Structures are given as structure tokens and as C-alpha cells.
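The values are calculated or read from the model by the stated rules, or taken from the named source; none is laboratory data. Note that the structure is a prediction, hence the values are computed from the model and not measured. Counting neighbours? That spans all protein chains shown, and the Cβs are built from the backbone with ideal geometry, glycine included. The protein model used for the area step is the full one, side chains on, heavy atoms only, and it has no ligands, DNA or RNA in it. Shrake-Rupley method; radii C 1.70, N 1.55, O 1.52, S 1.80 Å.
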Amino acid sequence: MDEYNELSSNPIDEASSSLVSQDHNYYGDSEITNQLQCDSKENTSSISVETIDELQVELDATYKTLIDSIVTARQACNKLKERKVNCLKKIEEQKTIINNIREQSESLTLPNEINDSSDDDLDNEISSYKDQVKQKHCARIALYSEKIHHDIDEHHANIPHYINAIREELNIIDAKVQLIEALKKLDSFYREYKIFHYQSDAAEKRFQNALAIFETNKL
């Protein structure tokens with residue numbers, strides 16, 4: 001018991017205990033300081049990363065919008081080209097219809113090759129067939145009708161001839177009316193094609209200009 005009291009009251013032990021306590025406080029305070037410095041660095045690093053991430057997100061979003069716009073513009077140009085191609089197909093099909101009408105009637109006089117270099121060419125051709133129907137074929141039918149009216153009493157043997165002649169004129173009129181309608185449709189296809197051709201070329205030029213600007217400024 002006395003030995004224990006002596007040890008507990010030993011000044012050397014108390015000094016040692018004080019030094020240990022001081023060492024602990026010293027190292028503890030240093031450790032806290034280091035921890036605060038690390039925390040500060042981490043916070044600064046975190047802020048920098050967050051800032052960079054925000055800019056990166058904005059850049060990625062802008063770049064995606066730009067790429068999407070380029071893709072959309074390319075698709076629009078392709079659709080305009082497709083319209084033009086489809087219109088050309090309609091033109092060729094309509095030419096075939098016109099040639100079939102011509103072949104079905106020997107009385108029709110169509111050029112072997114339809115001149116599509118000018119809108120006026122088709123307009124003049126349509127007007128020509130309209131005049132033929134009115135001034136030539138209708139006039140003939142009226143003349144044959146007059147002959148029937150005149151011969152019905154005494155020269156009725158001639159009437160079958162006039163009737164056949166009228167039928168022939170009616171067949172020609174029917175064919176030329178079909179031809180007029182077919183030429184009108186062909187004319188409308190040509191007008192559509194000119195519009196699609198202009199739109200397609202203009203869109204392609206604008207797209208290529210925009211693409212060139214993008215390529216020039218690309219990092």
C-alpha cells in the first residue's frame with residue numbers, strides 16, 4: 001500500500017505524464033490542422049470539379065444540339081431530293097400515258113418527243129388541241145348533222161355514212177380531250193419539279209455552307 005502511494009506521488013511520473021499530455025495535445029492539434037487543410041483542399045477541389053462539370057454538361061448539350069441540327073438538316077435536304085426524284089418519275093409515267101393515247105388513235109398528230117424545255121411549249125400544244133376540237137372536229141360534226149337533216153327525207157342512204165363519220169369525229173374528240181388532260185397534268189408535274197429542284201438546290205447549298213463553318217471552327 002505504501003509503495004503504491006509512493007509511486008502515485010512520484011514527481012518523475014507526474015512530469016512524464018505532463019509531457020505525454022503535452023505531446024498528445026501537440027500532435028493532436030497538428031493532426032486537426034492537417035485535417036482542416038485537407039478538408040479545405042478537398043472543398044476547393046470539389047468546387048473546381050463541380051464548375052468544370054457544369055461547363056462540360058453545357059458543352060455536351062450544345063454539341064449534341066449542333067449535331068442533331070446537322071442531322072436534321074441533312075435529312076431535310078434528302079427529303080427534298082426525294083421529292084424531286086419522285087416528281088421525275090411522275091413526269092416519265094405521264095409521258096408514257098401521252099404516248100399511249102397517241103398510239104391508240106392514228107388521227108392524232110403528236111411529236112415523237114415531247115418538248116419540255118419551256119412551259120409555253122406545253123401551253124401552246126394544249127391550246128392547239130383545244131382549237132382543233134372546237135374549230136375542226138366539232139365543225140365537222142355540225143356539218144354531218146346538217147347533211148343528215150337535209151338527206152333524211154330523200155337521200156337517207158347517205159345517212160349511215162354521216163353517222164360513221166360523226167362517230168369517228170367523236171372518237172377523235174375523246175382522244176384529244178384525254179390528251180389535253182394528260183398534257184395539263186404533265187405541265188403541273190413540270191411546275192412542281194421546278195419548285196422542288198429550286199428548293200433542293202437552295203437547301204443543299206445552305207447545308208454545305210453551314211457544314212463548312214462547323215468544320216472550319218472545329219477544334
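What FRET efficiency comes out for the pair E215/E54, r = Cβ-Cβ distance, R0 = 35 Å, nearest 0.05?
Numbers: r = 28 Å, r/R0 = 0.79.
Calculated transfer efficiency: 0.80.
Tally up the carbon and sulfur contribution to the accessible surface of the range 130-180 as a whole percent, 1.4 Å probe, everything protein left in place. Before the final figure, lay out each step's value.
Working: 1830 of 3480 Å².
About 53 percent, which is the carbon plus sulfur part of the accessible surface.
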Could you list the residues of the range 81-105 with an amide nitrogen less than 15 Å from a label point located 7 Å from the Cα of S188 in the Cα-to-C-beta direction? 87, 90-91, 94-95
In nm, give the distance between the simple-model label positions of N78 and A61, each being 7 Å from the Cα along the Cα-to-Cβ direction. 2.9 nm
Give me the lysines in straight-line cross-link reach of K130: C-alpha distance below 16 Å, same-chain residues under 8 apart excluded. K176, K184, K185
Given the protein chains as shown and a 1.4 Å probe, how many square angstrom of F196 are accessible, to the nearest 10? 40 Å²
Taking the Cα centre as origin and putting +1 on Lys and Arg beta-carbons and -1 on Asp and Glu beta-carbons, what dipole magnitude results for the range 117-187, to the nearest 20 debye? 160 debye
Inter-site label distance for F207 and K90 at 7 Å from Cα along Cβ, in nm: 2.1 nm
